[in-house]
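What follows is a short report on a single structure.
The values are calculated or read from the model by the stated rules, or taken from the named source; none is laboratory data. Keep in mind that this is a model prediction, so the values were computed, not measured. With ideal geometry, Cβ positions are generated from the backbone for all residues, glycine too; neighbour counts draw on all protein chains shown. Just the protein is used for accessible areas: all its heavy atoms, side chains included, with ligands, DNA and RNA removed. Shrake-Rupley method; radii C 1.70, N 1.55, O 1.52, S 1.80 Å.
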Amino acid sequence: MIKNIVTSLSAKLIVLFATLGVVVLNTRFLGQEGQGEAALINLGILLIVSVSNIVGGGALVFLLPRIGTKAATGPAIAWAIFSSVLAYPILKGLDFIPDGLLVHICLLGFIQSLFFFVHQAILAKEKIARYNILISFQLISLLLSLTIFYVVLDQKALLSFIQSLYISFGATCLLSIYMSGSSLDDGKSQPWKKTFGEIFPLGSYTQGGNILHLLNLRVYLIILEKAGSLFSVGIFSLAIYAAEAVWNIAKSLSLVLSSRISNSTDQLYIRSLTLSFLKISPLLTLPLVLIASVLPDEFFKMIFGKDLQGLHSLILICAPAIWLHSVTVIISHYFSGTGHHKHNMWGSAFGLLTGFSSSLFFIPMWSVTGAAISFSAGLVANFTYHVLTFHKKQRIQTVDFTLSRNDFNLIK
């Protein structure tokens, strides 16, 4: 198991540096406003993928070992098409993406949805190394494509970012199908109606939670855009990327945890393993939070451009909530791996309600600083729900949170 954790963490670090490279290129060549537009484009794609993942997403890690990948392939592709078509009028109504880009967003969302489905099929087979290679390849190919457009071809426009996404998503989707091998055809088959009946209820809880959590992290970008400040959108998107960079350790641990416990029926082992991950995750995350909190604006200006201002204070405001979320990530994957996806949905709903309602007060008053406060409030609310629910289900006592050598032995 430790090998899978190291492999996952290594891939996350590659993704982190590639993502950093993409953001640096956008801020350097398109400015903070261009980075804000790129962040909104990514949000539109993520919303499409989140809806598509009701059938082709995270619930499959739990279900595919039980129903088979071949049975889920047709329904997943059909649902991805439906989600991409449905997204057009919804995104047009939300009006945070220019009309001329909506078709591109929908097509990119469909391609990414196909990639994500194949991803889940690979993950369900505990092929962690392949999973991580594909994640890394997608971001590296995006970084290389952007470098060619911005630097080599001198095409410093948002359309270059869109074209780079096509290249990255398309190449990664084809590579993922090739690397999946026999994972997509395991010989099991059943009528689509039956497959939908098994996936949709569980997937609705899973993706309901993921969509709400996505909004809990990024709804503030839309509110800031509606306030007429793409510059603030760009700055706050950098704070979100910083938070997600810090969560790489928790995500690496949780990836291995959910894959392992979804294939186990030993409840004592599941409980012990989850508690070990639950103690190790915040311990390893804390140094990253402290480092991110002390970096001054001058450091960020050297990376993202001299027009950047106030990122240090935003990270400082969010730091405690970012650290607490390293616990939430582990508990949420415990719920996913044991088929209790509804708790992730309710936790995310509580977080979104708290964050969004507070943003209506704080953002008009303090703009991007208010967004940071609301972002933190949403994360803390989500953390509170997850911890209380996990405690109720597992009857956790204070002694269970004592770190011991056995915790490290258990994850080997």
Largest-first ordering by accessible area, 1.4 Å probe, given options Lys301, Lys226, Lys393: Lys226, Lys393, Lys301
Mean ellipticity per residue at 222 nm, deg cm²/dmol - from DSSP H runs of n ≥ 4 across the chain, formula -39500 (n - 2.57): -30000 deg cm²/dmol
Asp95 - accessible surface, heavy atoms, 1.4 Å probe, Å² rounded to 10: 90
Simple spin-label estimate for Leu13 and Thr384 in nanometres, 7 Å along Cα-Cβ: 3.7
Separation of the Val152 and Phe82 label points, Cα + 7 Å toward Cβ, nm: 4.2
Size-normalised alpha-carbon gyration radius of segment 127-269, reference 2.2 N^0.38 Å: 1.35
Measure of compaction for segment 262-412 (Cα Rg per 2.2 N^0.38 Å): 1.22
Straight-distance crosslink candidates among lysines, where the alpha carbon sits under 25 Å from Lys301 and sequence neighbours closer than 8 are dropped: Lys12, Lys156
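Plugging the Kirkwood radius over Cα pairs into Stokes-Einstein for the chain, at a temperature of 10 °C and a viscosity of 1.306 mPa s, what D comes out in µm²/s? Show your work: numbers first, answer last.
On the way: Rh = 21.7 Å.
My calculation gives 73 µm²/s for D.
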Computed accessible area, His104, all protein chains, 1.4 angstrom probe, square angstrom: 60
Where Rh is the Kirkwood radius over Cα pairs, Rg/Rh for segment 253-323: 1.23
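If DNA, RNA and ligands are ignored and the probe is 1.4 Å, what is the ranking of Met179, Met302 by accessible area, most exposed first?
Output order, biggest surface exposure first: Met302, Met179.
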Cα-based shape type of segment 71-169, given that a ≥ b ≥ c are square roots of the gyration tensor eigenvalues and the cut on a/c is 1.5: oblate
With DNA, RNA and ligands ignored, accessible area of Ile303 (1.4 Å probe; Å², nearest 10): 40
